[in-house]
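Structure record follows, encoded as structure tokens.
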């Protein structure tokens, strides 16, 4: 990649970010735009997405000698911070959203002109799908909403019991709730914890109501299978993103963000109840 791709066009198109970001703290930045562009390419090559992508990319640059060399850092140089990388991608999305795709495609066409005339097979579903990154709060709310929808179809009475036992405002927010993108990090973290706590309780209650139906032909129904699927999806989000400590009765006592320093272990009681 470093030998074949010319990053000067990308860096030149993003030069305005250097001026914009350098004035934020009253001091010149300790990185180059070319390094930021290469760092973003690392993220695209690994297809990293979701909330932790900036931390993961920054850690890869810091710890992997080949990636460090590709981005443009010496062995003992301090690498860029994940916050800077996240800000840079937001700036790119706002000001030059098609830059990396168009410039990379242009260089590929220039290096391999015969590829333009070859027949290519594409995934038609992917061509019409609408997808974007989601925050932890959005992931939790979307998965819980789908879970509750299938639960209402399988057992309306069970759904009513779950709704009565869930902190609905914490889970789905108030109508006057300030948009998440406008929140500072402490407020955004607090929102994620509140949502995760309520989502866990909703998952626990929904699983109990589903298990109360016992076994039978209804378990082969497509709606029932969809209910099981969204139980697993919501459970995976909670496992991957949060550390949850449970009381003997299964209720959550503490919920914190899952960090690189935590060794997440699901208790036997929780694992058997939610993740058989």
**Asked** Simple spin-label model, 7 Å along Cα-to-Cβ: residue 211 to residue 169 in nm?
**Response** 3.1
**Complete:** The simple spin-label model distance between residue 256 and residue 90, using points 7 Å out along Cα→Cβ, in nm, is 2.6
**Item:** Under the Debye formula (equal points on every Cα, no solvent term), log10 I(q)/I(0) of the stretch 136-274 at q = 0.19 Å⁻¹
**Value:** -1.13
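Quick check on the chain: helices-only [θ] at 222 nm, where DSSP H runs of length 4 and up contribute -39,500 (n - 2.57) each and the sum goes over total residues. Nearest 500, please. Before the final figure, lay out the partial values.
On the way: 14 runs with 166 residues, N = 276.
Estimated from H runs of four or more residues: -18500 deg cm²/dmol.
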**Asked** Where does helix 185-211 land angle-wise versus the long Cα axis of the chain, in degrees 0 to 90, nearest 10?
**Response** 40
**Message:** Can you give me the Kirkwood hydrodynamic radius for the stretch 8-116, using every pair of distinct Cα atoms, in Å to one decimal?
**Reply:** 14.7
**Asked** Helix 33-46 versus the longest principal axis of the chain: what is the Cα-based angle in degrees, 0 to 90, to the nearest 10?
**Response** 40
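Every read-out reported here was derived from the displayed coordinates using simple, explicitly stated rules and does not represent laboratory data. Predicted model, so just to flag it, every value in this text is computed and none were measured. Counting neighbours? That spans all protein chains shown, and the Cβs are built from the backbone with ideal geometry, glycine included.
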